[in-house]
Every structure is written in structure tokens, then in C-alpha cells.
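A quick write-up on the structure given underneath.
The values are calculated or read from the model by the stated rules, or taken from the named source; none is laboratory data. Please read these numbers as outputs of a predicted model, since none were measured by experiment. As a convention, Cβ positions derive from the backbone with ideal geometry for all residues, glycine included, and neighbour counts pool all protein chains shown. These area figures cover heavy atoms from the full protein model, side chains too; ligands, DNA and RNA do not enter into them. Shrake-Rupley method; radii C 1.70, N 1.55, O 1.52, S 1.80 Å.
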Amino acid sequence: MSTTLLSSPLQGFTDFRFRNAFQKHFGGIDTFYAPYIRLDGKSGIKSSYKRDLAPENNENIHLIPQVMTNNADDFLLVVKYIQELGYKELNWNLGCPYPMVTKRGLGSGLICEPDKIDTILKRVHEESDVVVSMKMRMGYEEPTEILEVFPVLEKYPIKNIAIHARIGKQLYKGGVNLDAFQDCLDTSKQKIYYNGDITSVERYREMQLRFPSVDHFMIGRGLISDPFLPSMIKRDSLEYPENRWEIFREFHDELYQEYDAALSGPVPIKMKMLGFWEYFSQSFSDSRKTYKKIKKAGNAKNYHKAVEAVFSNELS
Ligand SMILES: Cc1cc2nc3c(=O)[nH]c(=O)nc-3n(C[C@H](O)[C@H](O)[C@H](O)COP(=O)(O)O)c2cc1C
């Protein structure tokens, strides 16, 4: 059975600059989900979202936009915007776990409200021809919450339900709950994708063995901490390319140049790259030391020196 790999969106990381650089240097991802659009009570779409979805910024990429909302009007406004750009599908985020989101009944805070989900999906399907897909956790308080949502979703031609096998209140702590994910597979009549903690080829193989009916896997953090992972999964190989660290270095340099040109001032670029290094460092032999070295670099010159040192260390 051939596997489809999807890049699970990470707000602040997997924007169009990252996606393009990733695609050029690594590949292995079939479809990217864009980080969510949130209207926040404003009626317009923010320019950062517009840039991220602009077709000219995503030329060699199969991209699906995502929305986070609990309001049919906002949903439909985003549908109109993405359809004007030529997108056919909108992914609905019912996964975000952060209290400032969930307390307002958004993200995973909406899973316990099947009637509200129904009302929104009804209007979206009555008033547009957009293809809707879901990205969900299994609940906020309990992993059984999602089971009450499935009958609602089955009333609509939902393309797929990607499930991050955690509950909202866990945030990113603890493990994924694979028994509860199995309950989802046993209960839903719709297409389910697996998401959560795929950080190595071995881990992917375990998930594939445990859930043989699943053929779509979403990778989030693992794609940043080890960008070779999707192509290695596709090759079914544990071997990195011989020039692993050269490729990684070129990718890093391209990301740096892109963000340096887009962000103004030394602090934002430093913070941006440091965010990436929290993940990148996990690929390096001594993760803590690597991250500390990069973090300590106070200015751009020292940052480049630190980058040189950590890559040289892997090559020596
Ligand atoms: C920093 C960060 C930002 C995220 N942003 C989004 C987002 O915009 N939309 C979304 O559906 N999920 C978002 N997620 C969740 C991931 O897409 C993914 O579902 C989760 O990390 C579990 O998958 P993983 O273990 O492969 O990372 C985010 C996660 C993190 C850590």
C-alpha cells in the first residue's frame, strides 16, 4: 500500500518560505497544510496570510489552506478568499490546544459541541461548494468526545479527518493515545489520517503496522527536527544521503537568507532561527550543546560562526 505523507502545519514555522526551501532540498511530502487563518473578529484577511497562500509563493507545492473558527460567516469569508485564489479545499482546525483558543470555543475547545459543528458545516455546505477536511484532536477533556462528532461529520461529504492522537488538555505532553485512535478508526465511516509523534522511520513503521488501514500520515514537528524523514519513509530506508550535512547546511542557509530579507532588524531573525534550532538541534549528535551554542550567539556574525561550528562538528 503506498503511503501519502502530509506536512502538518506549524504556525510560525511551516510558512511558504519554509515550504519552498524544504521542497527544494528534501522532498517526500505530497501535500502541505498551511498554518491556520484566524479572523479574530476582523472582517479582512491579514496580509501575512495572503502572502502565505499566494499561488506565486507556492508554485511547486500542493497546498491546502486551513481555517480556525467557530463561526459560519467567518468560515464562508475564508472559503470565498481561498476559492478566488484557486484552492478547492479548506481544512478546519479543531485541534489547537491552547487555553486562550479553547476557552473561546475554538480549536480542540469546539470538539465537545457537535451541534455547533453541525450548524457551521450545514451552512458551509449549503452556501458553498468548497471541499471540507478536518484536523482534530480526539477531544479537549476526554478522548471520547470525538466519537460524538463522527455522526455529525457523516452528514457531509467531509474529505478526510486527520486526527492528532492526543486531547487538548495534554497540550504536547504525555504520549499519543493509540487505543483511543483505534476507537476512532472503528467508529468513523470516513477517511482517517494519522497524526502525532512520527519522528523517525522506525516510529512510522510501528504506526503503519499497528494501523494497516491508514495510508495517510501527517508529520509536524518531526519534519523540522529531521527534514530527511519524509523522503526516507518514502524510500523505506534508514540511510541518510552521504552528503546529509551539506544538504542540511544549504537548507539552513536558504532559510536564513529568506527570513533575513523578510524580517527587519537583528532580533526578529535571531528569534526566528532560534525557533528552528530548537527542532534542528534534535538531529545533531549533542542536541543540548548545539542549541546552547546557537542561543549564545549575540549577533549575526557570531550566529554564523556558531552555525559553522555545529555543522563542522557533524562533518568531522
Ligand atoms: C508550534 C506549533 C504550531 C502549530 N500550528 C498548527 C496550525 O497552525 N494548525 C494545525 O492544525 N496544527 C498546528 N500545530 C499542530 C501540528 O500540526 C501537529 O498536529 C502536532 O504537532 C502533532 O503532530 P507531530 O507530533 O507530528 O508534531 C502546531 C504545533 C506546534 C508545535
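Per residue, what accessible area does the chain have, given a 1.4 Å probe and all protein chains present, in Å²? Walk me through the numbers before you get to the answer.
Working: 14620 Å² over 316 residues.
That works out to 46 Å² per residue.
How far is helix 114-127 tilted off the main Cα axis of the chain, in degrees rounded to 10, range 0 to 90?
The angle comes out at about 90 degrees.
Based on Cα positions only, what radius of gyration and what Dmax would you give for the chain, in angstroms?
Both quantities, over Cα of the chain: 19.9, 61 Å.
Any chance you could give the angle, 0 to 90 degrees and rounded to 10, that helix 300-315 forms with the longest Cα principal axis of the chain?
Helix 300-315 and the main axis of the chain meet at about 90 degrees.
Do you know the Lys pair count in segment 94-215 for C-alpha distances under 14 Å, with sequence separation 8 or more or different chains?
Step by step, the pairs that qualify in segment 94-215 add up to 9.
Give me the one-decimal Kirkwood hydrodynamic radius in Å for segment 1-110, with the sum taken over alpha-carbon pairs. Mind showing how you got there, number by number?
On the way: mean 1/r = 0.0684 Å⁻¹.
For segment 1-110, inverting the mean 1/r across all distinct Cα pairs yields 14.6 Å.
Taking the alpha-carbon centroid of each part, what is the distance from segment 101-121 to segment 29-85 in angstrom?
When both Cα centres are located, 19 Å separates them.
Report, to the nearest 10°, how far helix 72-85 tilts away from the longest principal axis of the Cα atoms in the chain, using its own Cα long axis and a range of 0 to 90°.
Computed tilt is about 50 degrees.
Just need the relative contact order of segment 119-221 here, percent rounded to a whole number, with Cα pairs under 8 Å and 6+ apart.
After rounding, I find 25 percent.
With +1 on the Cβ of every Lys and Arg and -1 on the Cβ of every Asp and Glu, and nothing else charged, how large is the dipole of segment 52-188 about its Cα centre, in debye rounded to the nearest 20? The partial results should precede the final answer.
Details: 14 positive and 21 negative charges, 73 e Å.
Magnitude of the dipole: close to 360 debye.
What distance in nm separates the simple spin-label points at His62 and Ser316, each placed 7 Å from Cα in the Cβ direction?
4.4 nm
I need the peptides 261-272, 74-85 ranked by packing, meaning the mean over residues of other C-beta atoms within 10 angstrom, with the highest value on top.
Values: 261-272: 13.0, 74-85: 17.8.
Final packing ranking: 74-85, 261-272.
Please get the size of the charge dipole for segment 197-288, origin at its Cα centre, with Cβ charges of +1 on Lys and Arg and -1 on Asp and Glu, quoted in debye to the nearest 20. Walk me through the numbers before you get to the answer.
Values: 11 positive and 16 negative charges, 60 e Å.
Roughly 280 debye, rounded to the nearest 20.
Label-point separation (nm) for Ser200 and Lys155, each offset 7 Å from Cα along Cα-to-Cβ?
For Ser200 paired with Lys155, the spin-label model returns 4.5 nm.
Would you mind working out the magnitude of the charge dipole of the chain relative to its Cα centre, with +1 at each Lys and Arg C-beta and -1 at each Asp and Glu C-beta, to the nearest 20 Debye? Don't jump to the answer; show the numbers that get you there.
Numbers: 42 positive and 42 negative charges, 220 e Å.
So the magnitude is around 1060 debye.
Carbon and sulfur: what percent of the chain's accessible surface (1.4 Å probe)?
49 percent
State the answer as a single residue: which of Gly275, Ile146, Tyr204 lies farthest towards the positive end of the charge dipole of the chain, with beta carbon charges of +1 for Lys and Arg and -1 for Asp and Glu, about the Cα centre.
Gly275
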